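First comes the structure, then the notes that go with it.
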Amino acid sequence: MDQGVPSASTSAFSWDAEVLPGLRVAFTSTAAGNLALHVGDDPDVVRTNRRRLEERMGVAPSSLRFMSQTHSDRVADVTASSDAPDADALASPDGSHPLAVLVADCVPIVLADTGRGADAGPTAVVHAGRAGVANGIVGHAVRALRRHGAGELTAWVGPSVCGECYEVPEAMMRALASEFPEAEARTRAGTPALDLPAAVRGQLDRLSVGIAPVPVAGGACTLENTGLYSHRREPGAGRIAGLVWRT
């Protein structure tokens, strides 16, 4: 499996790799432009950014599928409709659909069946913020792919705010850490924080999902890496995307 390499700051991708023959996983950078329609940007500009991203990916125009993300626990399968479903995990049962998840501090996760070699298997993308970690969206997505016949699942956990930067009230930290101990963290100043990437990795590990490395140029913390969008650094910022597609 190709682990990929960090991309240059001018690339549309902060990281991308062919993870299986004919299967690619990537995470965008700010160089790809804002890809979200809900943060106040001109919709025509966002659609242009999406079209250019599809060109870079080498997929058909308007084939990249998005979700309407609401911090829910819902998993949706891709359907014939081009509408974005209300969900926080989107699955392609046969892996044939290009999928996207949008984030600007939450944890983007790509899942794929990697036990079949070059044979196609199901894929999914997951949006896991604090609410998603708490409500089990990661587990729901994993179980959905296994119902679709996935065998050996691998996850790619993309850029998000790190545990040293995600300051929260003490009670909030303790509430989440009581169920997911990996979530407990402290900022560099010693104040309570949440480590959502660690909590996601803990969930994946308990679900027997392999975790592949995602080395991001400039670091994987969206707050610290200005080549990535961060809502905490800049409220109303754009969104980067986690992607999976077949070539």
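Throughout, read-outs are computed from the coordinates displayed, never taken from laboratory work. This one's a predicted model, so the numbers in the text were calculated from it and none came from an experiment. Please note: Cβ atoms are built from the backbone with ideal geometry, for glycine as well, and neighbour counts cover all protein chains shown.
When each of MET57, MET67 is scored by the number of other beta-carbon atoms lying within 10 Å, the sequence from fewest to most is MET57, MET67.
Expressed in Å, the radius of gyration and Dmax of the Cα atoms of the stretch 5-246 are 16.7, 50.
Helix content alone sets the calculated 222 nm mean residue ellipticity of the chain: runs of n ≥ 4 DSSP H residues at -39500 (n - 2.57) each, divided across all residues, give -6500 deg cm²/dmol. Annotation: peptides 162-174, 215-227, 21-33, ranked by per-residue average of other Cβ atoms within 10 Å with the highest first, follow the order 21-33, 215-227, 162-174. All other residues whose Cβ lies under 12 angstrom from that of LEU228 are scored, Lys and Arg at +1 and Asp and Glu at -1, for a net of 0. For the listed peptides 97-104, 199-206, a ranking on the average number of other beta carbons within 10 Å per residue, highest first, reads 97-104, 199-206.
For the charge dipole of the chain, defined by +1 on Lys and Arg C-beta atoms and -1 on Asp and Glu C-beta atoms about the Cα centroid, which residue among TYR166, ALA185, SER14 has the Cα displaced farthest towards the positive pole? Working it through, the farthest residue towards the positive pole turns out to be SER14. When a/c is below 1.5 the answer is rounded, else prolate if a/b is larger than b/c, else oblate, so apply that to the stretch 161-247 with a ≥ b ≥ c taken from the square roots of the Cα gyration tensor eigenvalues. Oblate is the answer for the stretch 161-247, as a/c is 1.5 or above yet b/c matches or exceeds a/b.
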